[in-house]
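Accompanying notes for the structure given below.
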Amino acid sequence: MIYLFDGSLTGLLTAVFEWFERKPGRTYLQLTGIFQPDAFTESFEVINNEDKADRVWKGLQKKLKKDWQRTFYCSYLSEIPEAFNHLFQFAIYIFESEIGAAANYGNDHVVALSKYAKSVEREKHRMEAFIRFQKTGDGMFYTSIDPDFNVLPLISNHFKNRYADQQWVIYDLKRKYGLHYDLNTVEEITINFSDGAKSPNPSPALMDEKEELYAVLWKDYFKSANIVARKNTKLHLQHVPKRYWKYLTEKQLA
Amino acid sequence: MSDRIREKLNILADAAKYDVSCSSSGGTRKNDNKGIGDSHSSGICHTYTEDGRCVSLLKILLTNHCIYDCLFCVSRKSNDIKRAAFTVDEVVDLTMNFYRRNYIEGLFLSSGIFKNADFTMERLLLVCKKLRLEQRYNGYIHLKTIPGASEELIKEAGLYADRMSINLEMPTEAGLKLLAPEKSHADVIKPLEFVQQNIVQFAEDKKLIKHVPKFVPAGQSTQMVIGATPESDKDIMYTANAFYKNFSLKRVYYSGYVPISNDSRMPILGTQPPLLRENRLYQTDWLMRFYGFKVQEILNDANPNLDVDIDPKLSWAIRNMQHFPVDINKADYKMILRIPGIGVMSAKKIVQARKFGKLRIDQLKKIGVAYNRAKHFITCADSPYQIKDYQGTQIKAFIMADSQSKYLKTDNNQLILF
Ligand code: SF4
């Protein structure tokens, strides 16, 4: 049996609800778009239903400790097609077992989720570390990113708590939405980039007059802090893989 | 204007970089005054230098003018280098602007000693006060305690700093006397002890009174320079152990000496810093702090120095084969932690998972156990039957053959933790 859903969290949770209603035996959860129908496997299209999803989530909350609720959510944010199926199987396993079953690292879905969540948390952590704001002329601190996973929902609080007295925008270019903090709340925004293509950085003309100076000072600092006699490129690359360099002010040529 | 500040930053960041501590962890400050900044309990590395070290703090000296002449230090009086000094406001401005752009977790402020200890400490204190009170800055501050500064100043500084540190510099008194005759470990111990007593006192008060201000909430740390003087690894780690115990230090840092002069009392310019040794010392430090090892088990009169070719956890295991093999499905957590190839995370997962049934090899691999290493020391549900009882030395040979490229290169200076 194959269940098809639209990739939303509501859809995924609804799928779990429907499975328990029907108990169709071994079932695989797939994204509607990817599915290639064939003559041998039966499929079922999940229709999103907020109430059903809500009931499943509440049920999971009863069965899972806080850290596993987060593991579940993070795995979902990975947006990896196989992760969706593991989440689906995991939820079924949890409902069918006694409380505490998430500690069973001998179970494939438990291990899979803890791996997905680890990758997502790592990406979250990297974004918190590697984001570099630029200050615009009107006092806004702006940055754009294109993370491997959908981590904006996870990093929002960190930036809100930390930069409570400055306005900021973090824009996910890949997923085409961003967060804007207006000194009170964080809201989701979308931006129409006029030139159509990716234009991750505002033009220098729009920058605060001191922006350039602090960027230069930071690059200077980065160079000074290095100890040449200890050079270790391999370790450096392990910590800051090349794909993240585009975020880093200190890695841009002068 | 901008040229001058650039020059100062270059000089004073360059002079500060030999202090290897860059941790921004242990902070508990929240941004509850709608100001700016908070601290992340586990710290954040915002970037890494090309030598692979974490950069999380703006690490600078207030000035590199110094009245002392410690031989191991670039800022020593007799060294012919460019000198500079920041104003208090310059440090505040740099910190705030770097912080707002998410370059850093905070400030690590140290200084050469100009005029005298109190004069220097007062300036450092002023920076902290301006940041906290005028800028409403709640980011991380690591402040150097200046040896010889008055207790009033040190105590006041403790109200604004998250972490304070003061460096032992050399692992033994004899080593220190050799390179810095004007200094002694006693100068370090006195303020460490004073700050520690205050940390305890504030914690006591907090139990009785609700609104006690924070006092050095991220605790104290120290640093030893490794390889400038001829101490053994045992000397180094016994000193570290004593300081962890006596002053509840959060961290001891080991900084492989990077030659900066041609004085005959130390390794000369061009000598490679002892990076592998430094790595082994950190591994030992971790074994003491997170793996339940006593320092005497790892280093003692029979083994005064750490093995170069294998890590200290493996060394201990092959010297103590009487404890192995360990049954993964029965042994207690403490013993599982001691198995080479199993880290803290895997050990925790093992004790949770085995409640659901006996663990097999494939499950251990999925959990994250380095099985090729661990297999010599464990049995699990489907361990192959072993007829031969291998000696520790044979096992060492197997493991080294297995991980030739990964562990044996002497220029390998990565911090690989088990
Ligand atoms: S007192 Fe400190 S700054 Fe001055 S020479 Fe000695 S180690 Fe260097």
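Table for the structure above
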item: Hydrodynamic radius by Kirkwood, which averages 1/r over all alpha carbon pairs of region B:157-252, in angstrom; result: 14.4 Å
item: Local electrostatic count at B:GLU156 - Lys and Arg +1, Asp and Glu -1, tallied over other residues with Cβ under 14 Å; result: +2
item: Under Karplus coefficients 6.51, -1.76 and 1.60, residue-wise ³J(HN,Hα) of region B:348-364 in Hz, glycine/proline x; result: 5, 4, 4, 5, 6, 5, 5, 5, 8, x, 5, 7, 10, 4, 4, 5, 4
item: Alpha-carbon radius of gyration plus Dmax, which is the widest Cα pair, for chain A in Å; result: 22.1, 66
item: Long-range HN-HN contacts of A:TRP168 with modeled amide H, under 5 Å; result: A:PHE141, A:TYR181, A:LEU183
item: Residue among B:VAL369, B:VAL55, B:SER111 farthest towards the positive dipole end of the protein assembly as shown, charges placed on Cβ; result: B:VAL369
item: Label point distance in nm, A:SER119-B:LYS34, each placed 7 Å from Cα along Cα→Cβ; result: 4.2 nm
item: Fewest-first sequence of A:MET207, B:MET121 by Cβ atoms within 10 Å of each Cβ; result: A:MET207, B:MET121
item: Label-zone membership for region A:90-124, site A:LEU173, 7 angstrom Cα→C-beta point, backbone N under 15 Å; result: none
item: For chain B, cysteines whose Cβ has no other cysteine Cβ within reach (under 4.7 Å); result: B:CYS22, B:CYS66, B:CYS128, B:CYS380
item: Using alpha-carbon coordinates, inclination of helix B:117-129 to the longest axis of chain B, degrees; result: 80 degrees
item: Helix B:185-208 axis, angle to chain B major axis (alpha carbon atoms, nearest 10°); result: 90 degrees
item: Distance from region B:132-160 to region B:177-224 (C-alpha centre basis), Å; result: 12 Å
item: Computed Kirkwood radius, in angstrom, where 1/r is averaged over Cα pairs of region A:24-123; result: 14.6 Å
item: Folded to 0 to 90 degrees: helix B:88-100 orientation relative to chain B principal axis, Cα; result: 40 degrees
item: Entries in A:LYS52/A:LYS115; B:LYS234/B:LYS349; A:LYS23/A:LYS52; A:LYS219/B:LYS30; A:LYS219/B:LYS8 that, when Cα-Cα distance is taken, lie over 22 Å; result: A:LYS52/A:LYS115; B:LYS234/B:LYS349; A:LYS219/B:LYS30
item: Relative contact order (%) - region B:106-230, alpha-carbon pairs under 8 angstrom, separation at least six; result: 27 percent
item: Separation between Cα centres of region A:208-254 and region A:6-40, rounded to whole Å; result: 46 Å
item: DSSP beta bridge pairing in chain B, given as percent antiparallel to the nearest 5; result: 10 percent
item: In nm, spacing of pseudo-spin labels at B:ASP3 and B:ALA381 (7 Å Cα→C-beta vector); result: 7.3 nm
item: Magnitude of the charge dipole, the protein assembly as shown, Cβ model with Lys/Arg +1 and Asp/Glu -1, debye to 20; result: 1160 debye
item: Estimated vicinal HN-Hα couplings, Hz - region A:73-87 in sequence order (Karplus 6.51, -1.76, 1.60; Gly, Pro = x); result: 5, 4, 4, 4, 5, 5, 6, 7, x, 5, 4, 4, 5, 4, 4
item: More than 15 angstrom apart: percent of Cα pairs within region B:312-401; result: 54 percent
item: Length-normalised contact order of region A:2-121 in % [C-alpha pairs under 8 Å, at least 6 apart]; result: 30 percent
item: From phi via Karplus (6.51, -1.76, 1.60), per-residue ³J(HN,Hα) for region B:137-147 in Hz, x at Gly/Pro; result: 8, 10, x, 7, 10, 10, 10, 6, 7, 8, x
item: Whole-number percent relative contact order across region B:2-293, with pairs defined as alpha carbons under 8 Å at least 6 apart; result: 16 percent
item: Rg/Rh for region B:2-293, where both radii come from Cα atoms and Rh is the Kirkwood radius; result: 0.94
item: Full-stretch length increase - B:GLU156, B:HIS323 - with 0.36 nm per residue and alpha-carbon distance subtracted; result: 55.0 nm
item: Principal axes of the protein assembly as shown: Cα extent on each, largest first, Å; result: 86, 74, 54
item: Listed residues B:CYS128, A:SER75, B:PRO230: farthest to the positive end of the dipole of the protein assembly as shown (Cβ charges); result: B:PRO230
item: Cut-off 15 Å between beta-carbons: net charge of the residues surrounding A:PRO24, Lys and Arg +1, Asp and Glu -1; result: -2
item: Linear extension gain, B:SER42 paired with B:LEU269, 0.36 nm per residue minus alpha-carbon span; result: 78.1 nm
item: For B:TYR253, distant residues with modelled amide H under 5 Å away; result: B:THR222, B:GLN223, B:MET224
item: Cut-off under 5 Å, modelled amide H: who pairs with A:VAL186 long-range; result: none
item: Percent of beta bridges antiparallel (DSSP, the protein assembly as shown, rounded to nearest 5); result: 30 percent
item: Hull shadow area, averaged, region A:126-252 [alpha-carbon convex hull, nm²]; result: 8.7 nm²
item: Efficiency of FRET between A:MET1 and B:HIS211 - r from beta-carbon atoms, R0 51 angstrom, step 0.05; result: 0.25
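Bear in mind these aren't lab numbers, they're just calculated from the coordinates by the rules spelled out. Keep in mind that what you see is a predicted model, and the values were worked out from it rather than measured. Here the Cβ is made from the backbone with ideal geometry for all residues, glycine too, and neighbour counts use every protein chain on show.
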